[in-house]
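Structure first, commentary second.
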Amino acid sequence: MMKIKFTATDIYWLVGTFCLVVLAGVLVNELTLPGATTQPPLSDELRKFDQDFLAGKVIEVKDEVEQYLEEHPRVAEAHFLHGKILAAIGDFALAVDALRNAIALDPKQESYYLLLTQVYARIGWTEEALATLTKLLNNNVSSISGLLLRAELYVRTQRIDLAFDDVKFALRLEPDNLDAVFTRAQLYKLNNEIDLARQDFQRVINEANAVLAEDARKILAQLQP
């Protein structure tokens, strides 16, 4: 089975060391929240919280964001930041709640769906992750990140044909997207279409950034006769 590989943008939420936890029997209820404010108040304050979070001040920022949310419960971006923080400390059940709050308040933000998908995937809730991406793609059919992430999640459930469909559509939208080319190469490898896999991996090596090119080089070396 193909190893799930997220892009650098997709794993932006991973800060520090995560502990794997098993969450059993957690029911996430549908949210019915009031509409989000058009312009979140104190946006400079939120920006500072985010910068402190990225600097590793996770616990301090958690307290500040929770206090902020007591005063401004309808700011979607604050719920999103709260979700990132909770995920970073391994509190995935509360992270799910926070991210669902963010989506309910502002259902057009792609990043909210992507992060919620990754939290679900982290705890093994693959079907919930897929459902979240499908909602995103219903809103924005041209989301490349959504298409590639869903394709890779389809692999977890052995739905290779659906994975190919998403990757092919992503490449129709952006023929030069090397993350999509890399994912297609992995799918070709899974499907034992080794010549096509070699072609795509070689293209990634020639054209992609150093990190992705190195990943492709390692896999290609295993495919050489």
- request: Based solely on C-alpha atoms, express the radius of gyration and the Dmax of region 174-220 in angstrom.
  value: 9.4, 26
message: Per residue, how much accessible surface does region 147-207 expose to a 1.4 Å probe? Answer in Å², no decimals.
response: 47 Å²
task: Apply the Karplus parameterisation 6.51 cos²θ - 1.76 cosθ + 1.60, with θ equal to phi minus 60°, to every residue of region 115-127 and state each ³J(HN,Hα) to the nearest whole Hz, in sequence, with x for glycine and proline.
output: 5, 4, 4, 5, 5, 4, 5, 4, 9, x, 8, 5, 5
- request: First measure r as the distance between the Cβ atoms of Ile89 and Arg217, then evaluate 1/(1 + (r/R0)^6) with R0 = 30 Å and state the FRET efficiency to the nearest 0.05.
  value: 0.30
statement: Karplus-derived 3J(HN,Hα) from phi for region 177-190 (6.51 cos²θ - 1.76 cosθ + 1.60, θ = phi - 60°), whole Hz, x at Gly and Pro, runs 6, 6, 4, 5, 4, 4, 5, 4, 4, 5, 5, 4, 4, 4
message: If you roll a 1.4 angstrom probe over the protein chains with everything in place, what fraction of the accessible area of region 58-181 belongs to carbon and sulfur, to the nearest %?
response: 47 percent
message: Take Glu110 and Thr157, extend 7 Å from each Cα along the Cα→Cβ direction, and tell me the distance between the two endpoints in nm.
response: 2.3 nm
statement: Zone reached by a paramagnetic label modelled 7 Å from Asp176 Cα along Cα→Cβ, restricted to region 197-213 with backbone N below 15 Å, covers 204, 206-209
query: Measuring from label point to label point, each 7 Å out along Cα→Cβ, what is the Arg47 to Gln67 span in nm?
result: 2.1 nm
message: On a 26 Å Cα-Cα criterion, which of the cross-link pairs Lys62/Lys135; Lys168/Lys218; Lys135/Lys218; Lys108/Lys218 come out too long?
response: Lys62/Lys135; Lys135/Lys218; Lys108/Lys218
field: 10 Å-binned pair-distance histogram of region 44-202 (Cα, whole percent)
entry: 11, 34, 29, 19, 7, 1
query: So how exposed is Arg47, as accessible area in Å² (1.4 Å probe, rounded to 10)?
result: 120 Å²
- prompt: How would you classify region 96-163 from its alpha-carbon gyration tensor, with a ≥ b ≥ c the square roots of the eigenvalues: rounded for a/c under 1.5, else prolate if a/b is greater than b/c, otherwise oblate?
  reply: oblate
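The values are calculated or read from the model by the stated rules, or taken from the named source; none is laboratory data. Since this is a predicted model, take the numbers as computed values, not measurements. When we count neighbours, we look across all protein chains shown, and the Cβ atoms used for this are built from the backbone with ideal geometry, even at glycine. Keep in mind that these areas ignore ligands, DNA and RNA; they rest on the heavy atoms of the full protein, side chains included. Shrake-Rupley method; radii C 1.70, N 1.55, O 1.52, S 1.80 Å.
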